[in-house]
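**Student:** Structure incoming, see below.
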Ligand code: NAP
């Protein structure tokens, strides 16, 4: 197993790409802290608890931590809790993300801020305390989940594209800051993946996109999880500041 003895924290891990990543890391022997957005009706918590049980069934330790990663203090408390309960943190996957699509003329300032805060602000909020800890230990790996949209742009997604392009700049800058301390920082840029995030998109529009993808189909969460496992593993020990596209050739 490639990640035996490693401790990981994944934001937004109650479903989709985050959940698949939690299970993929656990299959490689890592213990995993599962973050979810703390909702009032408890649905997200119960989803996250189900992922915890799946991780444990693979023989790894698991924690569930509710925190809104768009907010600095709860994010810092979450990182501190993972370090406290696991003893250390080797891997951070900044995965949490949302869409609030609208063309710029219809986009509210509120939805601009919300998308920037969740998709990009979360990377500051979680990476800062994690990076300080990793730097002190002179080991660690951070993966930021960006998007093909951050590379190519898209109608109706100025907010999301700005956040994901920001994530790429953030990744490269932090990689330069931390390389000297033995800490690597990379990004994955998923293409069009079959998750809750894309399920409500108009089927005719989805078909148009599918036809633009050279491999001929959408990706699944496990495709991204496999790329993240590689980036945090020792096989990628000479890779930092990289953006790994996983998009079926949609954008190259
Ligand atoms: P998803 O199924 O909607 O999952 C998003 C996750 O983010 C959920 O677990 C959600 O947690 C969490 N989240 C949202 N706001 C949060 C907050 N404020 N605090 C904590 N957690 C929060 O979508 P997905 O497709 O797996 O997306 C995962 C990542 O991949 C995102 O960054 C997304 O932008 C990126 N991505 C996806 C695609 C795609 O085609 N699906 C393509 C490119 C990039 P709760 O469930 O607890 O609310």
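The values are calculated or read from the model by the stated rules, or taken from the named source; none is laboratory data. Note that the structure is predicted; figures quoted are calculated from it, not measured. Here the Cβ positions follow ideal geometry from the backbone for every residue, glycine too, while neighbour counts run over all protein chains shown.
**Student:** With respect to the numbered conditions (1) surrounded by fewer than 18 Cβ atoms within 10 Å (Cβ to Cβ); (2) farther than 20 Å from residue 161 by Cβ; (3) in contact with a strand residue (DSSP E or B) (Cβ under 7 Å, 6 or more places away or on another chain), which one is the sole condition not fulfilled by residue 185?
**Tutor:** (1)
**Student:** Is it true that some residue in region 136-155 is within 15 Å of the ligand (Cβ to nearest atom), more than 20 Å from residue 243 (Cα to Cα) and either surrounded by fewer than 19 Cβ atoms within 10 Å (Cβ to Cβ) or modelled with pLDDT of 95 or more (or both)?
**Tutor:** no
**Student:** Does any residue in region 120-139 that is more than 23 Å from residue 189 (Cβ to Cβ) come within less than 7 Å, Cβ to Cβ, of a residue that is assigned to a helix (DSSP H, G or I) and at pLDDT 95 or above six or more places away or on a different chain, and which pairs are these?
**Tutor:** So the pair list comes out as 129/76; 129/79; 129/80; 133/83; 135/178; 135/181; 138/181.
**Student:** So, one more: I need every pair where a residue in region 1-28 that is closer than 19 Å to residue 46 by Cα has its Cβ under 7 Å from the Cβ of a residue that is in a helix (DSSP H, G or I) and modelled with pLDDT under 95, sequence separation at least 6 or different chains.
**Tutor:** That search, which allows pairs on different chains as well, returns 14/44; 15/196; 16/196; 16/197.
**Student:** If I ask for residues that are under 19 Å from residue 149 (Cα atoms), free of Cβ contacts under 8 Å to residues at least 40 places away in the same chain and either touching a helix residue (DSSP H, G or I) at 6+ places or on another chain (Cβ under 8 Å) or in a loop (DSSP other than H, G, I, E, B) (or both), which ones from region 225-251 would you list?
**Tutor:** 249
**Student:** Those residues that are assigned to a loop (DSSP other than H, G, I, E, B), in contact with a helix residue (DSSP H, G or I) (Cβ under 9 Å, 6 or more places away or on another chain) and more than 11 Å from the ligand (Cβ to nearest atom), I need them from region 189-224; list them, please.
**Tutor:** The answer is 216, 217.
**Student:** Is there any pair with a first residue in region 194-212 that is modelled with pLDDT of 95 or more and a second that is exposed (fewer than 13 other Cβ atoms within 10 Å of the Cβ) and not in a helix (DSSP H, G or I) whose Cβ atoms are under 9 Å apart and which are 6 or more apart or on different chains, and what are they?
**Tutor:** 210/216; 210/217
**Student:** Would a scan of region 11-32 turn up a residue that is within 12 Å of the ligand (Cβ to nearest atom), over 24 Å from residue 191 (Cα atoms) and surrounded by fewer than 18 Cβ atoms within 10 Å (Cβ to Cβ)?
**Tutor:** Among the residues of region 11-32, not one is within 12 Å of the ligand (Cβ to nearest atom), over 24 Å from residue 191 (Cα atoms) and surrounded by fewer than 18 Cβ atoms within 10 Å (Cβ to Cβ), which makes the answer no.
**Student:** Can you tell me which residue is farthest from the chain's Cα centre (by Cα) among those in region 228-242 that are surrounded by fewer than 20 Cβ atoms within 10 Å (Cβ to Cβ) and within 19 Å of residue 11 (Cα to Cα)?
**Tutor:** Out of the qualifying residues, it is 233.
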